[in-house]
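Bear in mind that the values in this text are calculations on the coordinates, not laboratory data. The structure displayed is predicted, hence computed values, not measured ones. Counting neighbours? That spans all protein chains shown, and the Cβs are built from the backbone with ideal geometry, glycine included.
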Amino acid sequence: MRRHAVSLLLAAALAAQADMLVAVETTRDQLAGSDVSVLRTVEGAVLCRVPESALGRLSASGFRSRVLDPAFSPGRYYLVPHTRLNPPGAPAAPLWDDARQAVVRLDETQALAAQQAGWHLAALPKKGYPAREAVGDPFHWQPDTLVARIVDSVALPPLVADLRSLQGFRTRYTYSPRCESAALWIHDRFVSLGWQTELDTYYINTTRALNVVATLDGESRPDSVVIACAHFDSYTQQGMTNAPGADDNATGTAILLELARVMRDYRFRWTTKLIAFSGEEQWMEGSYHWVDSVAVPQAMKIWGAFNVDMIGYTARDSNYIVVNRNGPSAEMGALAESTNRWYDIRLSILNYLDPDCPGDVQPFWEAGYRGTFALEDSVWGIWRGSNPYYHTIADTVGTLTLGQVQRVGKLTAACVATVAGPTGPTAVQEPVGRTGTGTLGTVLFSHRLSLPGNWHAYGTDGRLVARGLAADFGQSLAPGVYYLKSRSGDEDRRIIRLR
C-alpha cells in the first residue's frame, strides 16, 4: 500500500512537470531568453512547448498566453491550411484557428485518414527551437560596381531555357520518381557551373526526397553564410503524372541557376549557398529537414535566407512583387528596396510584414535566422485566386511574364551579392558597355566616357556630386553608381564607373 502511494506521488509529480502546448500572444523575437521552445509562428501568436512551471513566468513578464493542450504530445500536432483546394470538413476539432490555418491534434491513424482525404498536414516540430534573437550583425549597405556587373549579367535566355527544362519533367511532385530526376538534373547544372554541390537526403513517410545544396566558399569570412533558396517540387491534383509547376516553382529554381551562372566568375568575402528544396508542397518538409539537421546542429552563421517562390504570374501589373518578412528581417526588406533603386531594376516592391507567411523561409525564421520571401502576391491573395493557374496543370511557361522573372532574378542577385560582398572577378573582365536596364540604357565604364554636352552627376541618394561634367570625362568620378542629368534637364542617364 505504501509503495503504491509513493508511485502515485511520483506520477503526480511527473505530471505536474509535464510540458504544455501554449499559444503566446507575441512575436518570436520577444521570447528571446525565455525557457520555452518555439514550434511555429501563427497569426498573432507563437506556438510553444512550455514547461508548466514557466507559465507563471510568462505571465509575470507581461505575455498573454492560452493553453491549447495541457499534456504536450510530440508528433501529434499539425497545421491545416485554409485553402480553396482543401475538401470541406475538418479532420479534428482545432486547438487553434485563425484566418489562414488551424492547429489540430491527430493520432497516426487520424493523420493518415486526413491525408488520404486530401488534406495538407504540416507536422509541428517534436521539440521546437530555443527562442533567440535573429542571427547576424547589421551592416550599412551601399552601391557596388561589382554587384552592378552581376545584376546586369542576369539574362532572360538562360532563365527561359531552365524554365522549359524544369517544366519538361511534366511533374516534379515529391512522391513521383520524376522529382528525384529533377533533383539530379539541378545537381548536375550546379556542378557544370562550377559550384560545390551536394544532395541532402531525407524521407517523407517512406519516400526518399532530395534537397540540392550548392556552395561558393567565401574568402575572408567563409563561416558567414548568405542563402538564396527556392523549392523545385510541384503539385496538382494529378501530381503523379501532370504537375508542370512553371510558376510554382520553376521560376524560383531557374533564378537559383541563373545566380550560379552570374556569380561563378567573382570572389566574395562571405560564403554563398544556393539551396533547391523538395517537399515544399508537403508543407516545407525539405527546408525544415535541412534547417533542423544541418543549419541548427552545425550552429551555422546564416545572416539571412532570400527565398524565391511563385514570382512569374503578374495578376496586378508586370512590375509588382511582394517581399514578405518577419520583424527581425526588416533589414532584408530594406535591402531589397535599396538594391531595386540602386541598380534600376524597376520593380514595384511591397515590403510586407507577414511573420506567418508559409514557405521555405519559415524554418529559417523559427530557427532564429533572418529571411525574406519574394512572391507575386500575398499568400492570402494567391489562396483566394489571384493566380488562376495555381496548383493546376495549366501552370505553364506560356502563362508567365518572363520579364518579371528576369527582374526578380536581378533583385535576388543584387541582394545576395551585396551581402556576400564581391572582392573582384576571378578573371580580368572588360567593361560591357551599354546595357538595357534603364529607359536609355545603363552605361558601364572604367576610365573614359563621352557624352554630348555638359552634365551634372548625382549619387544614388540624390546628392549632387559633380557639376558641369565635360563631354569627355572619367577620372573625375570615383567608382560607383551615378545618375546624370543634362544641363538643360531634358535628358538623364544612369552610369556605373567600374573599379
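Considering only region 278-422, what is the antiparallel percent among its DSSP beta bridges, to the nearest 5?
The answer is about 30 percent antiparallel.
Considering amide H positions built from the backbone, and no H for Pro or chain starts, which residues 5 or more places from Trp119, or on another chain, come under 5 Å of its amide H?
Placed amide hydrogens put nothing under 5 Å from Trp119.
Let me make sure I get this right: for region 149-255, a, b and c are the square roots of the gyration tensor eigenvalues over alpha carbons, sorted descending. Under 1.5 in a/c it's rounded, otherwise prolate if a/b > b/c, else oblate. Which is it?
Oblate is the answer for region 149-255, as a/c is 1.5 or above yet b/c matches or exceeds a/b.
Search the structure for amide H atoms under 5 Å from the amide H of Asp233, placed 1.01 Å from N in the peptide plane, and list their residues when 5 or more places away or on another chain.
Gly279, Glu280
Local charge sum around Thr171 (other residues, Cβ-Cβ under 13 Å, Lys/Arg +1, Asp/Glu -1)? Kindly include the intermediate steps, with their values, before the conclusion.
Working: positive: Arg170, Arg172, Arg178; negative: Glu180, Asp233, Asp248, Glu281, Asp395.
Taking every Cβ under 13 Å from that of Thr171, the sum is -2.
Amide H of Arg40 versus every other amide H placed in the peptide plane: which residues, excluding those fewer than 5 positions away on the same chain, fall under 5 Å?
Amide H to amide H, under 5 Å and 5 or more residues apart or across chains, Arg40 pairs with Leu47.
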